[in-house]
Every structure is written in C-alpha cells, then in structure tokens.
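K.L.:
Here it is, the structure, as structure tokens.
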Amino acid sequence: MSIRTDSFFPKPPPVEPKAATAFMAKETPTGPSGRTKKSSQPPLLHGWNTTCWISKLPLELISYIIALGLPEASSSKERMNVLYSIRMVSRLWRNAIDSTPSLWNVISSNLPLRLNSTIIQRSGCCSLDVYMTARTSVSGNLAQTSGFTKLAELAVKEIRRWSTVSLMLPFPDACYAYLGSPAPLLRRLCVTSRRPHSPTAPVALFGGIAPKLEVLEVNGVQMDWTLSFIRGLRELDLSDMSDREISTQQVLEILAITPLLEKLCISNSTLDLHLRPSEIPWIQLPNLKTINLSDINEQPLGIILSSIGAPNCTSLMARGWEEDGVSPDSFPEPAFTHFTDFLRRTLSTNNNSELRFFDDGLEWNSRSGRLGATDFVLSIQYGSTVIGVEWATRIIGLGAQELVHDLDLTISRSELAENEIAAYHSISRWQSVTSLTVEYGDPPPRPILDLFGSCEDSEDGIGPIPAFPRLETLVLDSSRASWLDDLEVLVNRRVDGRGNVIGDQVPSLDVVLEMWGFRPIKARADLAQLQRLRAAKGVRSITRVSGDHIPGMLAVVYDDSTGP
C-alpha cells in the first residue's frame, strides 16, 4: 500500500523568479545613495524560507523540533555548532531559538568563556548541564588554569540550577573552593580524578545537600561516603577505584543506606580484603535490577554478591580476577546462593546459554535480544574443578529436574584428576547440550573423550541413551596428529552392535575439526578414514578448519555413491 505524503504535508507553492525579485525589492533596505543593499540570502532561498509550511508553525513547535535534532548535551561543542547553524536558516528560526531557554542549557569548558556567558543569559531560569573538565599538558602540569577558574566562577553563580554535572578534579583545592554550596536541582553527578593529581582527602561536594541526586558516577576519587545525598541514589557507578579510595566495608555501608537503588556498577577496581565473614551484613534491595561487577578482585566480589538480596534482578554480570595468595573460596557459593532462582529463570526465558569449563574456573552467559528479557554473564575462578561442575549441575538440574535449553558447552582442560572424572560424567547426561567443543593439547584428557561415547540406562527403562543425547555439533580443537583416530573411536561408540545409533531421538552430528598447526592430508590413509567417518551412521557432515594458511586446493567434495 502506498501513502501519498503530499496529502499530509502539502508542498509549498513554487516561488516564481519575478515574485521573488519583487519580494526582495520590497523587503531589502536601501542605503543613503539609493542603492539596494545585498541580501545575505539568495532570492529563491529567502522566498522559500518565508513561504514553506514549517515557517508557518508556532514558535514553540519549531523549537521543539529543533531540540529533537540536537546532539547530546555531553557533546557540547558539536551541539552548539549545530545550534548556530540552524540559527542561520532564517530570521524566524533564529528568533525561535534565541527565545527558547531550554535550548541554551549546556555550559562546558570546551566552549569559549564568552559563549558560556551568553548561554547563561539566554537560559533564563531553566536547569543547566555543566561539564567542567580541565585540560592538562603532556608533562602533567595544569594548562589553562585561569580559563578553568573563570568558568568555575561563572558557573557557580547558577549552582542552584545545576541538573547534570561532570567534574574533572585535577587540582582539588581550586575545585573545592567553588563546589561547597547546595545544589537543590542536581540529579546526575560524575566526578573523575586525573591522576597523579588525585585528591588526598575525601571529597565533600555541595555541602552534602543535593536532595534530588539520583545518579552518581565516581572514577578514581576518594569521596566522603557519609554525605546525606547518597541516600536517594537510583544508580551508583564506581570505576578505577583502589582500596585507598573505597573499601569493601564502605561499599556495603552505601548499599545499606540506598534502598531505592536500581543499578549497581563497580568495574576495574581493587578493593580491600579486611572483612571477616561474621561482619558481612544482609542487605535487601527490592528495586535493584542491574548488577554489574566487572574486573574486580574476587574475594570482595564474592562478599558483595553474598550480601545482596535482589529479588527483582534482571541483569547480572560478575567477572572477577584472583589475587596472588588469595583463595577464591566464596565462589561459586555462597556468592550466588541468592541468585539461583534468577539464573534458572533466565535460562528458561532465553532458552540458551554458553558454558565453558577451564582448569580453574568457568565462564557462563545467557543473553537475549528481546526487550525486557533477563541476562547474566559470569566469569569466575575457584579452587576446585569439582565444585564448579557440581554447582552448574545444580543450577541446570539432571533427569526430570533438568531445565532443558540450548546449551553450547566447551570443555577446555589439560588434565583431569580421578575425582574430577565423576563430576564431568554427570554433565554428559545433560539433555541441554546441543554443541560440544573439546579443547585439548597433547596428550588429551582421554576421560573427556570417553564421555562422548558413553551410554546410560534411561530412567523409563526403555533402553540406553547416549551421552549428550541432543548433541548436534561436535568440535574437536586440537594440535594433535591423531585427531581422526579419536573421532572415529567416538563416533563408533554411539552405534550399537547392529550398526544403529543408540537412542531413537538422537540427532545426526555435524563434526568440526579445528587443527592449529598444519598437517597435510595423506593421499590414501586420511582420505579413506574421512570417507568412513562421513559414511558412518549418525554423521551428517565433517568440516576441517585450519588456523594456518593451506596452499593449493581449497576443498574436496565427497559423494557417497561416486566417490570424490
């Protein structure tokens, strides 16, 4: 179905050259000598600007349309360039812009001082977004100190109108002199330290009076965490923090006094470890939906997670790193004890996850592109492989209790102890696994390969079922030369004595052989083995992938009846 746009927005009538000339002759002023002054706009353009339909809209609507097209306030220089370009369209648009205070609401150290002064004058009584980020020279000495100080003196006069504030604190003494007054309208505050000029004492801003503050971002700054405006926070974002700037105890104290918190982010930080288990409080945060704890040391990460009750959580990211000499005994439990229901609900909703076991930890994520869906991303280390495998098994379940979904499983192990074999044997019964990647070196962990060819008696007594009964894709990632021998053994173990694939609902396999280190295919032995594998029961395709460039023929296509 086609829609005629001219029925909604009729085109303006064409401007005839004669009419435009007459219009310009009528409107263009003349000098003392009687000569007509040159217009700053071409006749046709000026006539179109006067007669086009948008020029007939009310000034309030024109201002609203212009505001929708402006860049974000944080891009202050680009925003003002666009605004001044739009002012040049016509006198009508210029009047609309200049008479709309909400379009003049950004003060920035990236703009000339004269322009900032003009912005304050035209902003009237509307709220202001203030971006004061002082530049420093290559040597680290403060440059343009005078200009920054003048901007601070100019902006602080309107501190009661500040709404969004972004501060760089390269020289604390100069900044603190202007930031002690209350900010009653402040809603978002970002404070960043420029090392090595970090503050040496806790920063107390706005006299602690900012009753409407909802979003606080702190990057490498030692704040006064007892300020009253912290109590109403909806979002807290801490990054590049050291144990000198904030402790694990202080994080828990902040969470305890922010019951309205909806989003918690801590990233790229090293927190202290001076907290005994008996001192860990229980903090209920019913509004907390997003938890992002990324790239922080694992023991504080575990303490924070085990202290939080977030029944309405929709997004969880936990990515930690292990410090030397510190055992991550808090993972995966008790850190995730309170998130078991959330993890299972996410697996059920998204119907997918990717899980990778390696020597001393795991990586697990489940995402969905749907709006409002839950998700989690976990990357943790632990002292015992058995603990991690058993914990994942409790989350997913076994047998009738299994939460069946599409699971992409990767097992990356260099060796296995006897007590770990039983733990991995349990996951071979997962019905969720649709893709299995086995990464191994030389020699491979033979028990892992044996899992693929094992069978278990079904609970209903009908007959045996193979390991990973819903497996569709098998990837062997190895640098060994005997990968074809391994694969042939594994495939044959999924076939019974009569040549039938074990299990009625077992799908056919797509096999991918990833070889890192080129070994040419021998003309007869390897090709014959590939043909046997390709023709085996339960094998749909075989793909060989090499990490190195292989000169010559790109591919060989096999036909079951006629040969290559």
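The values are calculated or read from the model by the stated rules, or taken from the named source; none is laboratory data. Note that this is a predicted model, so its numbers are computed, not measured. All Cβ positions, even for glycine, are placed from backbone atoms using ideal geometry, and neighbour counts span all protein chains on display. Just so you know, the surface numbers come from the protein's heavy atoms only, side chains and all, with ligands and any DNA or RNA stripped out. Shrake-Rupley method; radii C 1.70, N 1.55, O 1.52, S 1.80 Å.
K.L.:
Using packing as a proxy for protection, rank 302-314, 363-375 so that the peptide with the highest average count of other Cβ atoms within 10 Å comes first.
P.N.:
The densest-packed peptide leads the list: 302-314, 363-375.
K.L.:
Tabulate in residue order the Karplus-calculated ³J(HN,Hα) for the range 251-256, using 6.51 cos²θ - 1.76 cosθ + 1.60 with θ = phi - 60°, rounded to whole Hz; enter x for Gly and Pro.
P.N.:
Taking θ as phi minus 60°, the curve returns 4, 5, 5, 5, 4, 5 Hz for the range 251-256.
K.L.:
List the GluC sites (Glu not before Pro) within the range 382-435 that DSSP assigns to loop and that have no more than 14 neighbouring Cβ atoms inside 10 Å.
P.N.:
402, 415
K.L.:
Here's another thing I want to ask about it. What dipole magnitude, in Debye to the nearest 20, does the range 279-424 give about its Cα centre under +1 on Lys/Arg Cβ and -1 on Asp/Glu Cβ?
P.N.:
Roughly 880 debye for the range 279-424.
K.L.:
Quick one: which of 77-90, 286-299 comes out on top by average Cβ neighbours within 10 Å, and what's the full order, highest first?
P.N.:
Ranked from most to least packed, the peptides come out as 286-299, 77-90.
K.L.:
Let me ask another. Using the reciprocal of the averaged 1/r over all distinct C-alpha pairs, how large is the Kirkwood radius of the range 218-320 in Å?
P.N.:
Here the Kirkwood hydrodynamic radius works out to 13.5 Å.
K.L.:
Please go through the residue pairs 77/150; 77/289; 157/212 and name each one whose alpha carbons sit more than 25 Å apart in this structure.
P.N.:
The answer is 77/289.
K.L.:
Further question: Please give the per residue accessible area of the range 312-423, computed with a probe of 1.4 Å over protein heavy atoms only, in Å².
P.N.:
Per residue, the range 312-423 has an accessible area of 45 Å².
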